[in-house]
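Taking it in order: structure first as C-alpha cells, then the write-up.
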C-alpha cells in the first residue's frame, strides 16, 4: 500500500474494492451434495474421476459424493425430512412415483435458459423421466443386458461359441451340466427374466397394462423356471455369492447376463476371468430381445443449491461429460452424439437395437417388480417346484400389483 500514489477518493475506492470483490467471488465455492449408489468399487472410482473433470472446469463448485448402501430408502427418508441432496441418481423404475409425489424439481426452466438440447438423447431413455412435457431428470447413460461367457469353462464342455438361440442354450446347458459346470447364473428378478418375455413374443407391460399373462410371456416364464428346476439357471444365492457378477468372476458359472457394469468389476476383481470373457446378444427365441436400463440425474424440489446442481447435470449429461463418464466402461452413452467406448461394441449395438426394450416406468411399477421378485424367489427356492403352478403363482402375484382400472 505504501507504493500507491494519492488518488481521488472515488478512484481509490474503485481501485481497492474491485480487486477485492473479484478475489472474493473467485474464492467462493459452492458445495453440492451428490447421492448415488455403486455396483462396485470400480464404478465408484470411475464416477469420482468423472466428477473431478467437472470440478476442474468449474472451480467454484465442489461435488460432495455420497454413495448410499440403499439409495431408494435413503432418498425416501431425505424427501420426508425435506433435506434431499442437491443432485441424485433417479432410477427409471421409480421416477414416475417420485414425480407424482411432487418431490422432484422440474428441469424445464433450466433446459430452456441454458438452450440445452434434449434431441440427442435416445428418446426411449428420456421418456421415463417425463410427465407430459415436464422433464424431471436427464439420462446419464444406458445399459442393456448382454450375454457374457467364460471361454475357459465353455471349452471344458467343448463349446467354442456363445449360444445364439434358446434351443442352442438348452443343448449347451446339457453339455455343461454333464461336466458339473453351472451353465447360467441369473437372479430370479423381473429385470433379468423379463428380457426373455420379449424374446418369446410377450412383454412386461403395455403402458400400465400387464403383459404377463400373454402367451409369449408365459412360454418364456415356463422356459426359465424349467431351467431353474434343472440347474441350468442358478441364482447368486444358490451359488453362495452376492450377485451374478461375483458368481461369474469366481468361475461358478459359464454364462451370466449383465450390463457393461460387469466389465470394470471383473477387470478389477477377477482379471483372469475378465481376460477369458466373451460377449454376445442374449439367446433369441421367436426374436432377439434385451432389456435396457437407464438412470437420470435429478434435483429435489427441496434441494438447496439448484443452480449449481443444474450446472453439474448439464455437464454430466452433455456430450463431453457423458463421453468422459462412459469412457470408463461402466455404461453405454444415452446420446447419439457420443461414441460407444472401445471394447463395448456388443453392448452398444444391443443398446441401439430395435428389439431392445427400456424397462417400464409408470406409477406403481416398483410394486409390480417387488411382487414378481418375491414370488419368483419363493418358487425357485422350492425344491419340489411344479413349473406350471409356479408360473401361475408368479403371474397372479405380479398382476395383482399392477395399477387397477
Exercise for the section: Report, by residue number, each residue of region 163-184 that is touching a helix residue (DSSP H, G or I) at 6+ places or on another chain (Cβ under 6 Å) and within 16 Å of residue 225 (Cβ to Cβ). Expected result: 183
Problem - Options 389, 327; residue that is on the phi < 0 side of the Ramachandran plot, free of Cβ contacts under 8 Å to residues at least 24 places away in the same chain and surrounded by fewer than 15 Cβ atoms within 10 Å (Cβ to Cβ) - result: 389
Problem - Criterion (within 24 Å of residue 201 (Cα to Cα) and surrounded by fewer than 17 Cβ atoms within 10 Å (Cβ to Cβ)) met by exactly one of 354, 371, 339 - result: 354
Exercise for the section: Quick one: in region 117-149, of everything that is within 16 Å of the chain's Cα centre (by Cα) and in a loop (DSSP other than H, G, I, E, B), which residue is surrounded by the most Cβ atoms within 10 Å (Cβ to Cβ)? Expected result: 137
Exercise for the section: Starting from region 153-167, keep only residues that are under 16 Å from residue 223 (Cβ atoms), then list their pairs with residues that are surrounded by 15 or more Cβ atoms within 10 Å (Cβ to Cβ) whose Cβ atoms are within a distance under 6 Å, requiring at least 6 positions of separation or different chains. Expected result: 163/169; 163/172; 163/283; 165/283; 165/284; 166/283; 166/285
Practice task
Quick one: which residue in 248, 312 is assigned by TED's automatic domain parsing to the domain that holds residue 41, touching a strand residue (DSSP E or B) at 6+ places or on another chain (Cβ under 7 Å) and closer than 25 Å to residue 328 by Cα?
Solution key: 312
Problem - Residue satisfying condition, being at positive phi and in contact with a helix residue (DSSP H, G or I) (Cβ under 6 Å, 6 or more places away or on another chain), within set 201, 137, 132, 93 - result: 201
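One line per residue, one yes/no per condition, for (1) over 16 Å from the mean Cα position of the chain (by Cα); (2) in the same structural domain as residue 308 (by TED's automatic domain parsing); (3) not in a helix (DSSP H, G or I):
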position: 49; (1), (2), (3): yes, yes, no
position: 53; (1), (2), (3): yes, yes, no
position: 89; (1), (2), (3): no, yes, yes
position: 95; (1), (2), (3): no, yes, no
position: 99; (1), (2), (3): yes, yes, no
position: 109; (1), (2), (3): yes, yes, no
position: 115; (1), (2), (3): yes, yes, yes
Exercise for the section: Check whether at least one residue in region 294-301 is modelled with pLDDT of 95 or more, surrounded by fewer than 23 Cβ atoms within 10 Å (Cβ to Cβ) and not assigned by TED's automatic domain parsing to the domain that holds residue 234, and report yes or no. Expected result: yes
Problem - Matching helices (runs of 4 or more DSSP H) fully within region 316-405 where at least 3 residues are in the same structural domain as residue 213 (by TED's automatic domain parsing) and touching a helix residue (DSSP H, G or I) at 6+ places or on another chain (Cβ under 7 Å) - result: 365-380, 387-401
Practice task
Could you list, in sequence order, all residues of region 66-87 that are surrounded by fewer than 13 Cβ atoms within 10 Å (Cβ to Cβ) and part of a helix (DSSP H, G or I)?
Solution key: 73, 77, 80
Exercise for the section: Test each condition in (1) within 27 Å of residue 328 (Cβ to Cβ); (2) touching a helix residue (DSSP H, G or I) at 6+ places or on another chain (Cβ under 7 Å); (3) surrounded by 19 or more Cβ atoms within 10 Å (Cβ to Cβ) for residue 114 and report the one that comes out false. Expected result: (3)
Exercise for the section: Test each condition in (1) at pLDDT 95 or above; (2) loosely packed, with under 15 Cβ neighbours inside 10 Å for residue 63 and report the one that comes out false. Expected result: (2)
Handout entry: Qualifying helices (runs of 4 or more DSSP H) (wholly inside region 218-279; at least 3 residues being without any contact (Cβ under 8 Å) to a residue 60 or more places away in the chain and farther than 19 Å from residue 144 by Cα)
Key = 271-275
Handout entry: Checklist (1) touching a residue at least 60 places away in the same chain (Cβ under 8 Å); (2) surrounded by fewer than 20 Cβ atoms within 10 Å (Cβ to Cβ); (3) under 18 Å from residue 395 (Cβ atoms) applied to residue 212, failing item
Key = (2)
Practice task
Considering only region 57-81, state which residues are in contact (Cβ under 8 Å) with a residue 60 or more places away in the chain and under 21 Å from residue 104 (Cα atoms).
Solution key: 63, 78, 79
Practice task
Find the residue count for region 302-317, including only residues that are surrounded by 19 or more Cβ atoms within 10 Å (Cβ to Cβ) and under 20 Å from the mean Cα position of the chain (by Cα).
Solution key: 5
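The values are calculated or read from the model by the stated rules, or taken from the named source; none is laboratory data. A quick note: this is a predicted structure, and the numbers were derived from the prediction, not measured. No Cβ is skipped: glycine too gets one built from the backbone with ideal geometry, and neighbour counts run over all protein chains shown.
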